[in-house]
Amino acid sequence: MNDSFEANKRKEYLAKACEKIFEVVHFCEEQYICREQMLAEYFAWNGDNLSPPCAHCDNCLCVQAELVHKVDVKTDAIKMVEVVEEIINKLRESGKLILPKDIIQVYCQLKCDNEELTSLNIYRETRKKIVRTKADTQHLLDWLIIRGMVKIMINLYRPNPNGNTLQTNIYIVGVIEGVTAIVMEKNWKMWLRHS
């Protein structure tokens, strides 16, 4: 009994650690949201007011230097959730694991590594997209994951049992119950380059 309790505690700890790793990666890859604001938001209590952008971090300087603007991408977030749900329904039958690149390739209607996905209706449909680039699509997917809308499983492992390095695989495993309604309630303003 004690061994299984310890094993469960270890699994919970590792799952939380993997989530934190993902959050750190997102923090590092973010190009436009003020780093000071991201840190303040991370440590903020509910109801805390956030300060305006600092105007001196690398991201604030990037916003000033590049032609970017904030755009409401709520319809794209909803469409991405639909893509996730359709891919999960399609690949769950065959027991295949779903990678973030599968979601991105279908959403962007790119050549899919997994040919099965090109048969999805959502892959072939014509739609107006605000989020068009592969990088912005990856960013939107990351945002859905960090906000808890899309569920992931992170496999952390040592490629060499005697080595010191760790590698990860991220798999998309589902969406939360009532995700579309929750997405509708949230703010989905995202920095995009002028096109």
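The values are calculated or read from the model by the stated rules, or taken from the named source; none is laboratory data. As the structure is a computational prediction, the values presented were derived from the model and not from experiment. Ideal geometry is used to build each Cβ from the backbone, glycine not excepted, and the neighbour counts take in all protein chains shown. SASA here: full protein model, heavy atoms, side chains in, ligands and nucleic acids out. Shrake-Rupley method; radii C 1.70, N 1.55, O 1.52, S 1.80 Å.
For the range 158-188, name all the residues that are surrounded by 10 or more Cβ atoms within 10 Å (Cβ to Cβ), of a type in the set (A, V, I, L, M, F, W, C), free of Cβ contacts under 8 Å to residues at least 40 places away in the same chain and not in a loop (DSSP other than H, G, I, E, B). Result: 182, single match.
Being modelled with pLDDT under 90 and of a type in the set (Lys, Arg), is that true of even one residue in the range 70-77? Looking through the range 70-77, at least one residue is modelled with pLDDT under 90 and of a type in the set (Lys, Arg). Would you confirm, using the coordinates I've provided, whether residue 13 is closer than 25 Å to residue 186 by Cα, open to solvent by 50 Å² or more (accessible area, probe 1.4 Å), part of a helix (DSSP H, G or I) and among the aromatic types (Phe, Trp, Tyr)? No, not satisfied. The sole residue among 82, 66, 41 that is within 23 Å of the chain's Cα centre (by Cα), surrounded by 12 or more Cβ atoms within 10 Å (Cβ to Cβ) and at pLDDT below 90 is 41. With the condition kept exactly as written, say whether any residue in the range 94-115 is surrounded by 14 or more Cβ atoms within 10 Å (Cβ to Cβ), in contact with a Phe, Trp or Tyr (Cβ under 6 Å, 6 or more places away or on another chain) and of a type in the set (D, E, K, R). No, every residue in the range 94-115 fails to be surrounded by 14 or more Cβ atoms within 10 Å (Cβ to Cβ), in contact with a Phe, Trp or Tyr (Cβ under 6 Å, 6 or more places away or on another chain) and of a type in the set (D, E, K, R). Candidates are the residues of the range 44-59 that are open to solvent by less than 60 Å² (accessible area, probe 1.4 Å) and in contact with a helix residue (DSSP H, G or I) (Cβ under 8 Å, 6 or more places away or on another chain); the one that is modelled with the lowest pLDDT is 51. Say whether the condition of being farther than 18 Å from residue 169 by Cα and among the aliphatic types (A, V, I, L, M) is met by at least one residue in the range 89-105. No; the residues of the range 89-105 include none that is farther than 18 Å from residue 169 by Cα and among the aliphatic types (A, V, I, L, M). Could you list, ordered by first residue, the pairs with Cβ atoms under 8 Å in which the first is in the range 69-88 and without any contact (Cβ under 8 Å) to a residue 60 or more places away in the chain and the second is of a type in the set (Ser, Thr, Tyr) and open to solvent by less than 30 Å² (accessible area, probe 1.4 Å), at least 6 apart or interchain? Partner pairs satisfying both residue conditions: 79/107; 83/107. Considering the conditions (1) closer than 25 Å to residue 154 by Cα; (2) assigned to a loop (DSSP other than H, G, I, E, B), residue 56 is excluded by exactly one of them, (1). Counting the residues of the range 104-143 that are under 21 Å from residue 68 (Cα atoms) and either acidic (Asp, Glu) or under 20 Å from the mean Cα position of the chain (by Cα) (or both) gives 16.
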